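Values in this text are rule-based calculations from the coordinates and carry no lab data. Everything quoted here is computed from the prediction, not taken from an experiment. No Cβ is skipped: glycine too gets one built from the backbone with ideal geometry, and neighbour counts run over all protein chains shown.
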Amino acid sequence: MTPITKENTVLYTVDAEGKKLGRVASEIATFLMGKNKATFKRNTPAAVKVEVVNAAKLFLDQKKLRTKEYVRYTGYPGGLKKESLGHLVKRRGYKEAIRNAVYGMLPSNKLRVIRMKNLSISD
């Protein structure tokens, strides 16, 4: 974590090399919500941008790759879709795994999409 201030916006850089998915995601979610600042307000998005580097060097256990599932429903009968974390990583890369984990850790309100736009992930 390295904070850099630019025009009232703080840029945090998180290095994901060798870290577990949940640990990185909770750290990112804390920064995006602004909970690490004394000026935290629940109803306003923080002036923060978070950049994740070395996403491909993230530590993922083989058991987690097999057993962790992402479930979604299309709205049609028989439309329950399941995808394992391993398949998601093959299909979309480690970026999407981090993005899904952070998305799940943010509060589900109107600010969630705004906060997710302040996240950039690079391999």
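So here's what we get for this one:
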item: Highest-first arrangement of 31-37, 55-61, where packing means the average Cβ count within 10 Å; result: 31-37, 55-61
item: Sorted peptide list for 19-29, 85-95, criterion being average Cβ within 10 angstrom, highest first; result: 19-29, 85-95
item: Angle between the chain longest axis and helix 21-33 axis [Cα atoms, degrees, rounded to 10]; result: 40
item: Exceeding the 22 Å Cα-Cα cut-off - candidates 63/95; 82/110; 35/57; result: 82/110; 35/57
item: Between segment 1-45 and segment 47-113, the alpha-carbon center distance in angstrom; result: 18
item: Of 20/68; 49/117; 19/81; 68/90, those spanning more than 19 Å from alpha-carbon to alpha-carbon; result: 19/81
item: Enclosed volume per residue, in Å³, of the convex hull spanned by Cα atoms of segment 24-85; result: 140
item: Hypothetical label at residue 61: residues of segment 82-116 whose amide nitrogen lies under 15 Å (7 Å Cα-Cβ projection); result: 85-86
item: Fraction of beta bridges assigned by DSSP in segment 2-121 that are antiparallel (%, nearest 5); result: 50
item: Gain on full stretching of the segment that runs from residue 123 to residue 82 - 0.36 nm per residue minus C-alpha separation; result: 12.2 nm
item: Largest-first ellipsoid semi-axes for the chain, taking √(5λ) over the Cα gyration tensor eigenvalues, angstrom; result: 27, 19, 11
item: Gaussian network model of the chain, Cα within-10 Å springs - most flexible of 45, 77, 107; result: 77
item: Estimated [θ] at 222 nm from DSSP helical runs (n ≥ 4, -39500 (n - 2.57)) normalised by residues in the chain, nearest 500; result: -10500 deg cm²/dmol
item: Dipole magnitude of segment 2-121 about its Cα centre (Cβ charges: Lys, Arg +1; Asp, Glu -1), debye to nearest 20; result: 340
